[in-house]
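Presented below is the structure to which this report refers.
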Amino acid sequence: MGQNLVQRILSEHLVEGSLTPGEEIGIRIDQTLTQDATGTMAYLQFEAMGLPRVKTKLSVSYVDHNMLQTGFENADDHRYLQGVAAKYGIHFSRPGNGICHQVHLERFAAPGATQLGSDSHTPTAGGIGALAIGAGGLDVACAMAGQPFFLNTPKVVGIKLSGQLQPWVAAKDVILEVLRRLTVKGGVGKIMEYCGEGVGTLSVPERATITNMGAELGATTSVFPSDAATQAFLKAQGREDAYRELGPDADATYDEVVEINLSELEPLLACPSSPDAVKTVTELAGTPVAQVCVGSCTNSSFLDLMLVANALAGKSVHPGVSLTLSPGSKQVFTMIGRNGALADLIAAGVRVLESGCGPCIGQGQSPPSGAVSLRTFNRNFPGRSGTEGDKVYLCSPEVAVAAALTGVVTDPRTLGDKPPVEMPERFSIDDNMVLAPAADPASVEIVRGPNIAPLPLAEVLPDQLSGPVLLKLEDNITTDHIMPAGTWLKYRSNVPAYSQAVFYGVDSTFPQRAKDASGGFVVGGGNYGQGSSREHAALVPMYLGLKAVLAKSFARIHKANLVNFRILPLTFEDPADYDTIDQGDQLELTGLTTALAPDQPLAVRNVTKDLTYQVTHGLTDRQLDVIRKGGLLNAIKQGQGD
Ligand code: MIC
Ligand code: SF4
């Protein structure tokens, strides 16, 4: 039987296990990427492994998230990252060079390569035909150390595209349509492989918008074939050598198939506060808009910025709207500067920000209270913008610019002819902001400012875990709920300082209560830990004594992070048990030394209610070994697998 594209790339990189859905496999990782907000932890962990140099074909360290430098913290982090990169054989993309995923797509990503990144939007590179997966920083550190990346063999969903996008309908509408149909839980345990004759109508940056936001489905990753459009993009980047034609065999099959006719799509918006709360623009037309933000790793390509610039040329931003624009990379920023589009944007009244994540991760531009903000980003989780009760809608640059002109949600198809935007034959290429590793690593001194705090480690798993339920939560809790970013982002390298922020927007008494009780448990609903890859959502609660999370189900990356930091991820066998637990109940797990085995349920005693719950963990021998030894770093230090 023929292979689909995912099976082909996975089998080319398989080092452990077999490709049976649900079974754990280990794959070789060709490339890694980190960004500053997760990178400092990843490199502290890599350093703790004691290797002289990374073992990957290519590793890149980006600085794009923590850019504001309203204090010494971020600058300390940047300097630490630069030193580590030089010493250990990692390329360093300096602040100002752009958002990791956009730059990686432009300059490094390769069809058929495996890529692991400490950021959940790493799948952006699926737009070029790479199998690119987001993971916690420790897993990325392990990949840099040359170890396989372990995952459960995902099911492969074929998303069959036909037809062609109509004017003013965009790639963003494709992924919003997929989210509308499948929801934020719909991709868990799956990889989305785009196929069908509609694929050929989309350029690489458009494909990258779709694979980027596939993260919001909870999918392991998303991937497009590598074809003539891929070759043209690589050629325009001066990287034709990286081209490799890659697609599914003619008789390939998929575990599920979703069909989308591009011709039938219309402009869409994701409503507050979930990327799957999708409505048509027509349904929302006329809603007053106070802020529009263009940018983020989803929609800040040259094509996106040119569309906005051309639509605004000679016009003015509506007086009721503040319009910001963050170019995705130095490359696109330079190009719109040279071709005059930047002048059109500035003249129209756009607030041009530096090239980085910016407002997407709450680094400035919080919207006014109670007002609508339209963003071309990928996430609108509650409060992520920095404003409590925010009303953030996600949309294409087309819908964004229409609202910026009129002051209300507007169907861009009413704006007349869509201005033409051409893919350049040659992008502006200058990698002067990517520093190569040092030729003489021994001479590099790594500078650790006071914001780089020592790495906390868990202890060996005891036979018994007991304590109170510190918090009970509903479905779809995000890592933004668990470990907020925004103004707290600067403490990513400082776990004791960051620990004050655990569940801040949900219950700001959590850290103190956790400390007073010497730790305890959290109870969650379905899809617990969706969203970001930030391992801080496991590491920092571990620091406060979190022992286990009991939930109806978990998001993939967060579950792996919990294991890495020795927090048991437990799923109720009977979801109705969730209803019988309350905050404050005393829970107890005993006999763990013998009870912890693959496929063996555990019993959790609710001492307060005199009830016993059957829970499962679904962990493999390898993962249980990590838990027993007190987390992955301890396991590595003790020679895990020896
Ligand atoms: C995000 O979009 O939530 C982030 C910030 O890029 C995160 C990484 C982080 O928390 O540092 C992600 O997507 O993994
Ligand atoms: Fe940065 Fe936003 Fe992309 Fe995360 S989603 S990498 S914060 S631009």
Could you tell me what a quarter of the Cα convex hull surface of the chain works out to, in nm² with one decimal place?
26.4
Cross-link partners among lysines for K279, C-alpha distance below 21 Å, same-chain residues fewer than 8 apart left out?
K172, K185, K391
L568's amide H: which non-local residues (gap 5+, or another chain) put their own amide H closer than 5 Å, with H modeled 1.01 Å from N in plane and none for Pro or chain starts?
A548, V549
Subtract the Cα-Cα distance of V506 and S316 from 0.36 nm times their separation in residues, and report this length gain in nm to one decimal.
64.4 nm
Long-range HN-HN contacts of M483 with modeled amide H, under 5 Å:
F503
Sequence-separation-based contact order of the chain, relative, with Cα cut under 8 Å and 6+ spacing, percent
14
Using r as the Cβ-Cβ distance of S18 and N261, and R0 as 41 Å, what FRET efficiency do you calculate, to the nearest 0.05?
0.70
The chain: antiparallel bridges as % of DSSP beta bridges, rounded to 5, reads 35
Report the FRET efficiency, 1/(1 + (r/R0)^6), for L457 and K609, where r is their Cβ-Cβ distance and R0 is 35 Å, rounded to 0.05.
0.55
Ordering of 88-94, 367-373, 525-531 by packing [mean C-beta count within 10 Å, highest first]:
525-531, 88-94, 367-373
Mean Cβ neighbour count within 10 Å, used as a protection proxy, ranking 448-459, 393-404 highest first
393-404, 448-459
Any chance you could run the full-extension gain for A597 through D579? It's 0.36 nm times the residue separation minus the Cα-Cα distance, nm to one decimal.
3.8 nm
For region 90-103, in residue order, the Karplus 3J(HN,Hα) values (coefficients 6.51, -1.76, 1.60; θ = phi - 60°; whole Hz; Gly and Pro = x) are 10, 6, 10, 8, 5, x, x, 7, x, 6, 3, 5, 5, 5
Highest mean packing first, using Cβ neighbours within 10 angstrom, the peptides 409-417, 19-27 sort as 409-417, 19-27
Helix axis angle, 302-312 relative to the chain longest principal axis, alpha carbon, degrees:
50
Taking amide H positions as placed 1.01 Å from N in the peptide plane, with prolines and chain starts having none, which residues 5 or more places from N261, or on another chain, fall under 5 Å of its amide H?
S162
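Quick note: the coordinates plus some simple rules give every number you see, no bench work behind them. Nothing here was measured: the structure is a model prediction, and the numbers come from that model. Cβ sites come from the backbone with ideal geometry, for glycine too, and all protein chains shown count toward neighbours.
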